[in-house]
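Below is one structure, written out as structure tokens, with a few remarks after it.
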Amino acid sequence: MTVINQLNKRTENLKHKQELKNLKNQHENELEKLKLNHEKYKNQVKTAHTLEKSNLYSDHKIKLARQADQNEKTLERLRASLDEVKDHTTKEKKRILSENDKNLKNLTTTHETLVASKKMKNEHLIQDMDHEAKIQINKLQRKINAKETELKGTSSERLNEQRSTNQHKFQTNKNIFAKKELAQTDKFQRSLLKQSKEHTKLLAETERKHQGQISTRDKNYKKEVDLKTKDHLKKMNQLNNFHEKKYNAEYTKNEKIMQRLLGKKEKIISQLRQMVKHEAIKEMEMNKDSFYHYTGIEPKITLNEKQDGYSIKLQIPEYEAKNVKVVGFDREIKLTMDRDFDYTKKLENGGSSVVKKSETLTSKIPVEYIVNPKTVTRNYNEGMLTFDIKFA
């Protein structure tokens with residue numbers, strides 16, 4: 001009956017121990033689950049807030065990028081139109097300059113042609129006048145010769161007189177021809193100077209007209225560019241103000257959400273602190289109990305002084321020594337320690353919670369010689385518990 005009672009007691013102890021472990025594991029699992037759920041909820045809230053903030057920031061950034069892209073495209077179009085106007089102005093300037101060069105070349109060519117033609121006419125006139133002068137001189141020479149032949153017989157005075165008269169006529173004709181030639185040359189030079197003045201005046205008028213057209217186009221282009229720039233700056237300021245207001249509103253909204261979340265966070269942290277404090281108090285009370293001081297038996301086995309048995313030494317407090325037992329069987333020594341736990345907790349509502357536990361620690365040690373279980377003796381001295389058991 002004693003063995004059966006012991007077996008039943010051990011079975012109950014094992015069941016009780018298993019139930020204790022199950023309760024402890026369940027409690028730890030529930031605590032861990034609460035912590036995980038709290039961390040999960042906290043991470044979800046944090047992730048949702050970060051995601052929402054990132055989405056708002058990305059949307060704002062995308063809108064700004066789109067607006068900047070539109071502004072860039074508008075600026076590119078303005079630059080393209082400016083380049084087109086510049087190209088058109090340059091081409092028009094080149095065309096006008098080329099036309100002026102062509103007109104100048106044409107006028108120069110015409111003038112040179114007129115000068116050449118007039119020069120040719122004057123040369124022909126000079127040649128004709130030289131030819132006529134030669135003809136007249138030849139006629140006069142012939143007349144002189146005829147007169148000389150006629151007057152050879154006259155007196156030398158009349159001959160000299162006649163020669164002087166002829167020379168005077170010849171000089172007079174030569175002077176008249178020189179005057180005509182000088183007058184014709186002067187007329188040609190005046191005509192050439194007049195044409196040169198007219199050409200310079202026409203060229204200056206054309207240049208002034210061209211410069212006026214270029215100045216008018218530049219003024220119109222500058223006015224258009226200023227208008228486009230002012231309109232672009234105005235739109236940019238409006239967009240910046242709109243985005244700033246929207247960002248401030250979203251930021252205020254997020255701050256309110258964050259404050260609510262922080263309030264919930266503080267509440268949850270306070271609850272967790274109370275739970276942890278409660279568990280810590282429970283752990284401290286459990287640590288005060290000797291039931292939790294030892295989790296295993298680690299004895300030291302040596303041969304005794306007489307070499308006829310074994311000495312088992314175990315360092316243990318005196319209040320635990322009474323619970324340690326040694327049993328020998330064949331070549332095995334078995335140490336067991338039975339202990340009970342009684343924990344009472346006072347609840348906030350005035351009630352109490354009682355926990356009672358029983359535990360058995362066992363250590364089996366194989367030995368070289370067969371031992372006699374009936375020869376077990378015990379001794380406790382200054383914290384050291386000693387068992388002696390002899391060989392069989």
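The values are calculated or read from the model by the stated rules, or taken from the named source; none is laboratory data. This is a predicted model, so every value here is computed, not measured. Glycine gets a Cβ as well: all are built from the backbone with ideal geometry, and neighbour counts include every protein chain shown. These accessible areas exclude ligands, DNA and RNA; they are computed on the full protein's heavy atoms, side chains included. Shrake-Rupley method; radii C 1.70, N 1.55, O 1.52, S 1.80 Å.
Things worth noting here:
- Peptides 323-335, 364-376 ranked from most to least packed give 323-335, 364-376, packing being the mean of other C-beta atoms within 10 angstrom over each peptide's residues.
- Prolate/oblate/rounded label for the stretch 1-133 (Cα gyration tensor, a/c 1.5): prolate
- Ordered from highest to lowest accessible area with the whole protein assembly present and a 1.4 Å probe, 60, 124 read as 124, 60.
- Label point at residue 250 placed 7 Å out along Cα→Cβ; residues across the stretch 36-71 whose backbone nitrogen lies under 16 Å: 48-68
- Cα pair distances exceeding 14 angstrom across the stretch 164-228, given as percent: 77
- Accessible carbon and sulfur surface of the chain relative to its total accessible area, %, 1.4 Å: 53
- Length gained on full extension, residue 202 to residue 56, computed as 0.36 nm times the residue gap minus the Cα-Cα distance: 45.6 nm.
- Put simply, the C-alpha atoms of the stretch 293-392 give a gyration tensor, and the ellipsoid matching it has half-axes of 36, 13, 9 Å, longest first.
- Accessible area per residue in Å² at 1.4 Å probe, computed on the stretch 16-123: 79
- Note on residue 167 and residue 378: the model spin-label points, each 7 Å out from Cα along the C-beta direction, lie 18.7 nm apart.
- The per residue volume of the convex hull around the alpha-carbon atoms of the stretch 12-58 is 31 Å³.
- Dividing the summed -39500 (n - 2.57) terms of all DSSP H runs of n ≥ 4 by the residue count of the chain sets its mean residue ellipticity at 222 nm at -28000 deg cm²/dmol.
- Gained length - residue 184 relative to residue 308, 0.36 nm times residue gap less alpha-carbon distance: 27.6 nm
- Which label in (1) 68.5, 214; (2) 22.0, 67; (3) 22.0, 74 gives the computed Rg and Dmax of the Cα atoms in Å: (1)
- Dipole orientation for the stretch 1-76: of the candidates 64, 36, 22, 22 has the Cα lying most toward the positive pole (charges on Cβ; Lys, Arg +1; Asp, Glu -1).
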